[in-house]
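The structure appears right after this line, and notes come after that.
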Amino acid sequence: RIRITVIDCSLSIPTDYVYFENSSSNPLLIRRIEELNKTANGNVEAKVVCFYRRRDISATLIALADKHAQLKCGQSGLEEEMENPEMADLPEKQKHQLRHRELFLSRQLESLPATHIRGKCCVTLLNETETLKSYLDREDAFFYSLVYDPQQKTLLADKGEIRVGTKYQAEITDLLKEGEEDGREQAKLEEKVWDPSSPLTEKQIDQFLVVARSVGTFARALDCSSSVRQPSLHMSAAAASRDITLFHAMDTLHKNGYDMTRAIAALVPQGGPVLCRDEMEEWSASEANLFEEALEKYGKDFTDIQQDFLPWKSLTSIIEYYYMWKTTDRYVQQKRLKAAEAESKLKQVYIPNYNKPNPNQLSMNSVKPGLVNGAGVLPGATGQPAGLGRACESCYTTSSYQWYSWGPSNMQCRLCASCWTYWKKYGGLKMPTRLDGERPGPNRNNMSPHGLPVRHSGSPKFAVKTRQAFYLQTTQLTRVARRVCQDLLRSRYVARHPYIPVNTAAIKAECAVRLPDMSKKLIALKQAVRKPLESVVRYLEAHPCPPKPEPPRGASISTGSLTPIKSSPILNNGSPTILGKRTYEQHNGLDGERNFSGFYPAFVCPAPTTLVFLLFCVPSTLSSLSPSPACLWALLRSRALALALSLALTLFISHL
């Protein structure tokens with residue numbers, strides 16, 4: 001076990017579960033230290049196992065974890081969903097805080113700087129004999145029961161399953177009476193491989209084993225492949241002295257009835273001496289190196305070693321080689337090197353006290369005074385601090401020796417010092433809210449911005465962006481403050497000026513001061529007098545809605561007391577628009593002879609009342625139809641120029 005000591009008022013941490021800080025605003029990470037390593041530049045890094053909180057995994061897996069917690073074993077041995085009586089007795093606040101104590105173990109390893117350690121904690125496997133409330137009574141205590149895979153996004157139980165049945169357990173028979181046989185033939189169930197009461201002495205048996213080793217050494221000298229693997233005589237003799245040679249010699253002696261002459265003849269048959277090899281001798285040097293590399297990576301997981309490193313070897317061969325490899329000098333040498341390396345590794349690290357200011361820390365001078373409709377601090381609020389601002393988002397207190405900004409910057413939320421410590425350690429707020437429940441959101445992939453269903457090709461650029469939803473819940477104190485502090489709140493004024501800030505904390509403080517002096521009687525509200533539905537129906541039947549006549553198509557703008565405007569003839573068919581570009585003919589007119597007698601045959605000089613209507617009434621009427629003021633003034637200018645041109649032409653014609 002690694003011992004970690006944090007220098008913080010002589011605080012010692014004899015545990016391997018610690019807090020790590022990777023962000024000033026996010027909660028602390030919970031990790032289990034596996035080993036401590038010193039880098040080339042002198043810094044200390046910790047190789048840690050990751051733990052995840054409920055807020056770090058998806059809502060689907062959270063629902064799966066909650067369902068797993070409700071499963072209990074019934075009397076019939078089947079798993080059925082039942083209510084946890086212990087959870088039912090807990091109040092809502094403790095249930096909310098208990099969710100912050102649940103963690104999920106992972107097999108993921110990572111390296112973090114040891115200077116980011118911020119304290120100790122205790123993480124244990126969920127004990128069924130321990131009450132859940134005991135975790136709340138202990139500070140920095142967490143529990144876990146499931147293993148989370150961040151790559152596959154799955155949850156698994158962290159304990160093995162007890163397999164029950166005849167497949168996994170032996171059937172215990174009844175005890176036999178004295179002298180009673182079980183009916184089995186022992187001769188068919190066993191095979192005798194050695195007789196200790198043989199006529200041979202111990203000395204004769206040892207001499208036969210020496211002969212067997214000599215035959216094995218000679219056989220390796222005749223074998224070409226063995227000469228390459230064991231080029232020296234000492235290596236060949238050592239290989240011939242292994243257990244596989246001795247087992248074969250004793251088996252040959254037993255099969256030949258412990259006759260030395262026949263047994264020696266069996267060791268050297270007609271084709272040459274018998275060569276016995278085990279797995280240690282069959283494996284090449286490259287295969288041995290692969291096995292050591294795989295053993296370093298996977299440990300004694302022989303199935304993974306076979307699949308990833310030695311697929312051409314059988315599982316039996318790999319296991320046999322492992323136990324033979326542990327008897328070699330190479331294994332003993334590696335074991336000594338690992339022991340020396342472990343002895344030289346860091347077993348403890350001293351972390352200095354972290355006293356740097358948090359970037360989320362709010363200075364008291366930056367807190368603006370409370371505003372009530374922009375009128376400043378309440379004059380009648382007694383005991384109100386000068387820097388009263390927004391209340392704590394967790395415990396709703398308005399006074400704290402230190403404040404910290406929390407959440408998005410545009411929300412301007414803050415936490416008090418106590419709730420900030422709780423947020424950093426447990427990753428949540430102390431008090432439960434209605435927004436804590438995981439509710440599936442509406443499907444907005446087929447919705448337009450106006451709520452109408454839209455069908456698209458599935459491209460992500462046509463999908464509507466999910467907007468952040470919020471829910472405003474009014475407390476009972478706020479509803480009371482609307483009546484008690486009507487003179488300060490001015491609800492009608494605030495409703496017409498939504499951008500003026502309202503300091504609810506200051507109003508609540510003033511309401512708390514005024515509330516004891518208020519009468520206990522309920523405030524009588526003015527009751528609206530509404531007519532019965534029958535009288536409304538009779539009135540509508542007696543006064544039906546008059547039909548609205550449709551205006552004639554193409555009718556000119558007219559009023560009841562003014563003379564209608566006569567339209568002037570058009571010079572050409574291609575009249576320009578107000579802001580459009582005119583053609584050459586529209587600039588210079590049409591080519592032709594001058595004929596003053598036929599010029600404006602239907603032209604009549606407008607009366608003074610018509611001029612007044614054109615100059616004042618028409619622009620005011622068109623202002624409601626004009627799309628913009630620029631178009632309106634352009635229309636006025638063109639109308640004035642047309643009137644001036646008409647007067648000039650009239651005077652010119654009268655002088656001819």
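Since every read-out is calculated from the coordinates, none of them should be taken as a lab result. As the structure is a computational prediction, the values presented were derived from the model and not from experiment. FYI the Cβ positions are ideal-geometry reconstructions off the backbone, even for glycines, and counts take in every protein chain you see.
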For every other residue with a beta carbon closer than 13 angstrom to the beta carbon of Lys326, add +1 if it is Lys or Arg and -1 if Asp or Glu, then tell me the sum. -1
Given H placed on each backbone N at 1.01 Å, which residues far from Val147 in sequence or on other chains put an amide H within less than 5 Å of it? Leu156, Ala157, Asp158
So what J values fall out for segment 323-328 if you push phi through Karplus, 6.51 cos²θ - 1.76 cosθ + 1.60 with θ = phi - 60°, rounded to Hz, Gly and Pro as x? 6, 6, 5, 6, 8, 8
Cβ-based exposure ranking for Asp308, Asp56, in which fewest neighbours within 10 Å come first: Asp308, Asp56
The set of residues whose placed amide H lies less than 5 Å from the amide H of Ile57, leaving out same-chain residues fewer than 5 positions away, is none
In order over segment 481-489: 3J(HN,Hα) from phi, Karplus 6.51/-1.76/1.60, θ = phi - 60°, whole Hz, x for each Gly or Pro, gives 5, 5, 8, 6, 10, 5, 5, 8, 6
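Sort Val18, Val529, Val502, Val215 by Cβ crowding within 10 Å, fewest neighbours at the top. List each step's numbers first, then the result.
Working: Val18 27, Val529 5, Val502 18, Val215 21.
Placing the least packed residue first, the sequence is Val529, Val502, Val215, Val18.
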Would you calculate the convex hull of the Cα atoms in segment 202-277 and tell me its volume per residue in Å³? 79 Å³
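Holding the Cα-Cα limit at 25 Å, pick out from Lys297/Lys326; Lys95/Lys425; Lys313/Lys345; Lys93/Lys153; Lys356/Lys508; Lys120/Lys356 the pairs that are longer than that.
On the way: Lys297/Lys326 17 Å; Lys95/Lys425 17 Å; Lys313/Lys345 36 Å; Lys93/Lys153 30 Å; Lys356/Lys508 36 Å; Lys120/Lys356 19 Å.
From Lys297/Lys326; Lys95/Lys425; Lys313/Lys345; Lys93/Lys153; Lys356/Lys508; Lys120/Lys356, over 25 Å: Lys313/Lys345; Lys93/Lys153; Lys356/Lys508.
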Would you give the gap between the C-alpha center of segment 169-190 and the C-alpha center of segment 272-294, rounded to a whole Å? 42 Å
So what J values fall out for segment 92-109 if you push phi through Karplus, 6.51 cos²θ - 1.76 cosθ + 1.60 with θ = phi - 60°, rounded to Hz, Gly and Pro as x? 5, 5, 6, 4, 5, 6, 5, 5, 6, 8, 8, 10, 10, 6, 9, 8, 7, 10
Would you pull out the residues with amide H under 5 Å of Thr124's amide H, same chain only if 5 or more places away, H placed 1.01 Å from N? Phe142, Phe143, Tyr144
